[in-house]
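The values are calculated or read from the model by the stated rules, or taken from the named source; none is laboratory data. Keep in mind that what you see is a predicted model, and the values were worked out from it rather than measured. Cβ sites come from the backbone with ideal geometry, for glycine too, and all protein chains shown count toward neighbours. Remember, those area values only see protein heavy atoms, side chains included, never the ligands or the DNA or RNA. Shrake-Rupley method; radii C 1.70, N 1.55, O 1.52, S 1.80 Å.
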Amino acid sequence: LLFWLPFALGVGLFAVFYIGLKRPDDHVIASQLVGQTLPDFDAPPAIPGQPGTASADFRDGKPRLLNIFASWCGPCVREMPMLLRLKAQGVEIAGVAVHDSAPELEKFLTENGNPYSRIGLDAQGKAQLAFGSAGVPETFVVDGRGVIIHQHIGVVTEEDMPKLLAMLGKGS
């Protein structure tokens with residue numbers, strides 16, 4: 001009995017930790033920026049022929065998405081079809097490319113499509129830090145006054161489309 005007790009205890013602890021990791025109580029990471037004005041930033045044009053992105057662009061009365069992405073990001077490739085569908089439904093999407101370069105971005109957009117009306121280059125990641133963004137991709141819904149009304153962490157999926165469209169006043 002003493003021989004098997006440590007083994008049984010180890011298996012029991014492993015099971016408790018495993019279940020806790022697989023089924024956490026809260027699946028949503030609460031953003032401190034929701035309800036706040038978009039932090040000031042000015043990301044210069046990332047590619048020729050397309051304007052950069054700045055916080056002032058979000059205060060023109062028109063709600064839009066702000067998508068943080070990178071050409072080196074695999075999940076960013078997976079979300080491109082959804083962003084292109086949003087664009088086709090009249091959603092304006094501004095992009096900020098982090099830790100990237102113009103040649104790599106041009107290649108990425110040529111291969112995957114370009115859903116962006118503007119793309120700013122955040123080569124040093126300063127704007128990304130100001131947004132409190134931990135990684136890419138990450139998408140913010142910003143109202144026409146420049147206030148963040150929703151933060152979506154990770155890939156935009158088919159299931160996310162109705163909610164994003166509703167927040168932007170585009171229906172479904």
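When a/c is below 1.5 the answer is rounded, else prolate if a/b is larger than b/c, else oblate, so apply that to the chain with a ≥ b ≥ c taken from the square roots of the Cα gyration tensor eigenvalues. Prolate is the answer for the chain, as a/c is 1.5 or above and a/b outweighs b/c.
Overall, the anisotropy analysis places region 1-101 in the prolate class: the square-rooted eigenvalues a ≥ b ≥ c of its C-alpha gyration tensor yield a/c not less than 1.5, with a/b exceeding b/c. Full extension of the chain between F3 and A56 yields a length gain of 12.2 nm, computed as 0.36 nm times the residue separation minus the alpha carbon distance. Backbone phi angles across region 49-58, fed through the Karplus curve with coefficients 6.51, -1.76 and 1.60 (θ = phi - 60°), yield HN-Hα couplings of x, 9, x, x, 10, 9, 4, 4, 5, 9 Hz in residue order; Gly and Pro are listed as x. For L121, the shell of other residues with beta-carbons less than 12 Å away shows a net charge of -3, using +1 for Lys and Arg and -1 for Asp and Glu.
Round to the nearest 0.05 the FRET efficiency obtained for R145 and V77 when R0 = 41 Å and r is the Cβ-Cβ distance. Plugging the Cβ-Cβ distance into 1/(1 + (r/R0)^6) gives 0.80. With a/c under 1.5 counting as rounded, go ahead and sort region 87-157 into rounded, prolate or oblate using the C-alpha gyration tensor (a ≥ b ≥ c being the square roots of the eigenvalues; past the cut-off, prolate if a/b is larger than b/c, else oblate). It comes out oblate by the Cα gyration axes.
Summarise the accessible area of the chain (1.4 Å probe, protein heavy atoms) by the percent that is carbon and sulfur.
On the way: 5910 of 9590 Å².
Answer for the chain is 62 percent, counting heavy atoms of protein chains only.
Cα centroids of region 39-54 and region 147-172: 23 Å apart.
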